[in-house]
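Trainee: Below is one structure. I have some questions about it.
The values are calculated or read from the model by the stated rules, or taken from the named source; none is laboratory data. Bear in mind that the values here come from a model prediction, so they are computed numbers and not experimental data. With ideal geometry, Cβ positions are generated from the backbone for all residues, glycine too; neighbour counts draw on all protein chains shown. Note: areas computed on protein heavy atoms with side chains; ligands, DNA, RNA excluded. Shrake-Rupley method; radii C 1.70, N 1.55, O 1.52, S 1.80 Å.
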Amino acid sequence: MYNDAIPGRAAVARGQGARRLRGDGRVAALFAGPSLIGLTLFTLFPIVMSLVIAFFQWPAAGEHVFTGLGNFAQLFGDPVFRRTLFNTLLFVVLYLPLNLIVSVGLAVWISPRIKGRQALRVIFFLPVVTPMVANAIVWRMIYQPNGFIDGTLHAATGVHAPNFLGEQGWAMFAVVAMSVWQGFGYNMLVFSAALDAIPRQLVEAAQIDGAGPWRLFFRITLPMISPAMFFATTMTLITSFQVFTQPFLMTGGGPGIDTETLMMFVYNQGFSVYQFGLASAAAWILFVLILGVTALQFAGQRRWVTYDV
């Protein structure tokens, strides 16, 4: 009798466990439901619709006509789109290395031996948390004629500074400089944390072997912070392709279209001329470009990223 009761008890226990799991699943679904609904309505559905719209001539009012790859062909045949693509790539090529160089340099400088290290970290990080709109407006006032740079230079030398935001050849560099100032603080904290994690024994052993500051940096420090470098490079690369606020507020894409980026082109097509098909197609070209560059980053990380100490 006792042996016969054991399977029955096991079956009852299994049933109770199954009911408990179903109950936990309902509770989890209840808590996750609002987030899943929001994700579906405000993220997944717009993404799918933008892909659909990219294959249509989709004005704000009027008939929606299927064009297949016509929008993509029209974009690559448009000199304005090709110039905005070039501008975006130029911004990335200028901004990415400058951001990394400044970030790594300051992270190395504010080593534990520097007094007021925590205060310096806060000061350097402030531009990151300051609203970008406010920063862009302030920098526009600094760059403009009779602004801070022009006024200071004229008072000191009697010579006026160039119109940084209104002259070809200066505008993009001015936008890049402001963007580096705005964004280096985040990567600086990442690199600072990575530097703190380097075992002190490695540094001391290299110094005992006669390694100087530069050899120590390139042979010990850089390989040890390469995972942080990979992370910072990837994230900065993605955000730099999506640059919008700085050129939009500082130059409006000018002079001419010298600083108009792909994101500005998407905005203008969608909300200025209301050609949602072209805007969606341009947005998907940007997505594929970012995806391709990021994939190359991950494919090449094995050659220069060191994860083992």
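Trainee: Identify, please: which residue in segment 247-268 is out of contact with any Ser or Thr (no Cβ under 6 Å at 6 or more places or on another chain) and part of a loop (DSSP other than H, G, I, E, B) and is, among those, least open to solvent (accessible area, probe 1.4 Å)?
Mentor: Keep residues of segment 247-268 that are out of contact with any Ser or Thr (no Cβ under 6 Å at 6 or more places or on another chain), which gives 248-250, 252, 254-258, 263-264, 266-268.
Filter again for part of a loop (DSSP other than H, G, I, E, B), leaving 252, 254-258.
Values: Gly252: 52, Gly254: 8, Pro255: 29, Gly256: 69, Ile257: 52, Asp258: 26 Å².
Taking the candidates together, the pick is Gly254.
Trainee: I need the full set of residues from segment 283-297 which are in contact (Cβ under 8 Å) with a residue 24 or more places away in the chain and out of contact with any Gly (no Cβ under 9 Å at 6 or more places or on another chain), in order please. Give the steps one after another, and end with the answer.
Mentor: Initially, segment 283-297 is screened for residues in contact (Cβ under 8 Å) with a residue 24 or more places away in the chain, giving 283-286, 289-290, 293-294, 297.
The answer is Trp284, Ile285, Leu286, Leu289, Ile290, Val293, Thr294, Gln297.
Trainee: Still on this model: Which one of Gly70, Gly62 is under 16 Å from Val273 (Cα atoms) and without any contact (Cβ under 8 Å) to a residue 40 or more places away in the chain? Step through it out loud before you land on a result.
Mentor: Details: Gly70 fails: under 16 Å from Val273 (Cα atoms).
Just one listed residue meets the conditions, Gly62.
Trainee: To continue, here is another question. Report, by residue number, each residue of segment 139-168 that is exposed (fewer than 14 other Cβ atoms within 10 Å of the Cβ) and either under 19 Å from Pro247 (Cα atoms) or touching a residue at least 12 places away in the same chain (Cβ under 8 Å) (or both). Talk me through it step by step, then tell me what you get.
Mentor: Step one: of segment 139-168, the residues exposed (fewer than 14 other Cβ atoms within 10 Å of the Cβ) are 141, 146, 152, 155-160, 167-168.
The answer is Met141, His160, Glu167, Gln168.
Trainee: May I ask you to list the residues in segment 269-282 that are in a helix (DSSP H, G or I) and either without any contact (Cβ under 8 Å) to a residue 12 or more places away in the chain or more than 18 Å from Leu89 (Cβ to Cβ) (or both)?
Mentor: If we filter segment 269-282 for residues that are in a helix (DSSP H, G or I), which is where we start, we get 269-271, 276-282.
Those that are in a helix (DSSP H, G or I) and either without any contact (Cβ under 8 Å) to a residue 12 or more places away in the chain or more than 18 Å from Leu89 (Cβ to Cβ) (or both): Gln269, Gly270, Phe271, Phe276, Gly277, Leu278, Ala279, Ser280, Ala281.
Trainee: Would you mind listing the helices (runs of 4 or more DSSP H) fully within segment 169-235 where at least 3 residues are open to solvent by less than 30 Å² (accessible area, probe 1.4 Å) and closer than 16 Å to Val104 by Cα?
Mentor: Values: elements: 171-196, 200-208, 213-216.
Of the helices (runs of 4 or more DSSP H) lying wholly inside segment 169-235, those with at least 3 residues that are open to solvent by less than 30 Å² (accessible area, probe 1.4 Å) and closer than 16 Å to Val104 by Cα span 171-196.
Trainee: Name the pairs whose Cβ atoms lie under 8 Å apart, with the first residue in segment 110-137 and in contact (Cβ under 8 Å) with a residue 60 or more places away in the chain, the second surrounded by 10 or more Cβ atoms within 10 Å (Cβ to Cβ) and of a type in the set (Gly, Ala, Ser), and 6 or more positions between them or separate chains?
Mentor: Ile110/Ser192; Arg121/Ser192; Phe124/Gly185; Phe125/Gly185
Trainee: Residue under question is Gly253, and the condition is that it be over 20 Å from Pro46 (Cβ atoms) and modelled with pLDDT under 95; does it hold?
Mentor: Details: over 20 Å from Pro46 (Cβ atoms): yes; modelled with pLDDT under 95: yes.
So Gly253 fits the description; yes.
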